[in-house]
Amino acid sequence: MGQSAEFGKFLKAMRSRLSPEVAGTGPSTGARRVPGLRREEVARLAGVSTDYYVRLEQGRNIHPSRTVLDAVARALRLDSSEHAHMMDLLENCASSPREPGASATQGVRPALRQLLDAVGDVPAMVLGRRSDVLAGNRLAFLLFADFPALPAAERNLTRWTILDSAARELFRDWKTVAAEAAGSLRLDVGRHPNDPQANHLVGELAVHSEHFRQWWAGHRVATRSAGTVRLHHPAVGDLELNFENLVLPEDADQTLRVYSARPGSPSSDALALLGSLGAAPDVTPERAPAGAESGDAG
């Protein structure tokens, strides 16, 4: 299936979520057999012919201008992440030759590993393509999971969040967090449609999670550079942490995620207590225990 078909599916999903009232198409006439806007209504809002929009949604081999795409995005009320994803789907054709480096080993620079150790009083991780956990500090693995101890194929934050029962117990807003993780994975697949590891991950999640199947079918995309997460840790109780996602200029596919608590808050005390508990795990997924699968995540 070509990426143009995925582009059409995305347009259809975005159209189906919009009501005529929200879109401002005026009073509806006649019975509606499907949810959301009709194709002719989107075409009218975008200033294109119905036939042209139908061909867009059917994923035919056409080449719309940026002006037309921007108009369609406005008609469908796409936010910036959704707009960018739409462009990725159109530009990154899945029928093109396999992109170089799609399955290449993801490495973390030594200086970045030193930085993780230096900020040891707050949880920090380096996430790569597909949210593979490439490295982290002791506190991050105490807070979430001991990723270095997992088989290499399982060192993935999205996989753990959606499939592991421990994650359901840890995240007090699990459904919201997991849905955002699925939406972030869809963005990654849109940018790299020929990545076999990403496609395998999507298949695995779809087989084992009904929630994921629903989120994926809705073509939701999500990305946040910062936010707040509420946790209930089995060792230290409730925490409310802020997080920042910092894209690394040396590698746009790697993100440094750092969590922190408000100084003097109960969450700050809980983090300090957590840091005093347990033996320190290895700080990088490459250093798996004896008997575990070796190599980088993914």
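The values are calculated or read from the model by the stated rules, or taken from the named source; none is laboratory data. As the structure is a computational prediction, the values presented were derived from the model and not from experiment. FYI the Cβ positions are ideal-geometry reconstructions off the backbone, even for glycines, and counts take in every protein chain you see.
Key figures
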{"read-out": "Residues of the range 209-236 satisfying the condition of being in a loop (DSSP other than H, G, I, E, B) and either of a type in the set (Ser, Thr, Tyr) or without any contact (Cβ under 8 Å) to a residue 24 or more places away in the chain (or both)", "value": "Ser209, Thr223, Ser225"}
{"read-out": "Residue that is free of Cβ contacts under 8 Å to residues at least 60 places away in the same chain and touching a Lys or Arg at 6+ places or on another chain (Cβ under 6 Å), where the choices are Ala166, Ala206", "value": "Ala206"}
{"read-out": "Scope the range 224-236; condition touching a strand residue (DSSP E or B) at 6+ places or on another chain (Cβ under 9 Å) and of a type outside the set (A, V, I, L, M); matching residues", "value": "Arg224, Ser225, Gly227, Thr228, Arg230, His232, His233"}
{"read-out": "For Arg32: the one exception among (1) surrounded by fewer than 17 Cβ atoms within 10 Å (Cβ to Cβ); (2) modelled with pLDDT under 90; (3) in contact with a helix residue (DSSP H, G or I) (Cβ under 7 Å, 6 or more places away or on another chain)", "value": "(3)"}
{"read-out": "Pairs where the first residue, in the range 15-26, is under 14 Å from Ala73 (Cα atoms) and the second is hydroxyl-bearing (Ser, Thr, Tyr) and at pLDDT below 65, C-beta under 7 Å, 6+ apart", "value": "none"}
{"read-out": "Restricting the range 225-241 to residues that are under 18 Å from the mean Cα position of the chain (by Cα) and surrounded by 12 or more Cβ atoms within 10 Å (Cβ to Cβ), the residue that is nearest to Glu169 (Cα to Cα)", "value": "Val229"}
{"read-out": "Matching residues in the range 138-188 - criterion: being out of contact with any helix residue (DSSP H, G or I) (no Cβ under 9 Å at 6 or more places or on another chain) and of a type in the set (Lys, Arg)", "value": "Arg172"}
{"read-out": "Verdict on Ser265 being assigned by TED's automatic domain parsing to the domain that holds Val122 and at pLDDT 90 or above", "value": "yes"}
{"read-out": "Whichever residue in the range 247-262 is exposed (fewer than 14 other Cβ atoms within 10 Å of the Cβ) and at pLDDT below 95 and, among such residues, is farthest from Val177 (Cα to Cα)", "value": "Glu250"}
{"read-out": "Residue match in the range 156-179 (condition: of a type in the set (D, E, K, R), within 19 Å of Ala217 (Cα to Cα), in the same structural domain as Arg220 (by TED's automatic domain parsing) and at pLDDT 95 or above)", "value": "yes"}
{"read-out": "Test: residue in the range 245-255 that is in contact with a Phe, Trp or Tyr (Cβ under 9 Å, 6 or more places away or on another chain) and either more than 23 Å from Trp174 (Cα to Cα) or in contact (Cβ under 8 Å) with a residue 24 or more places away in the chain (or both)", "value": "no"}
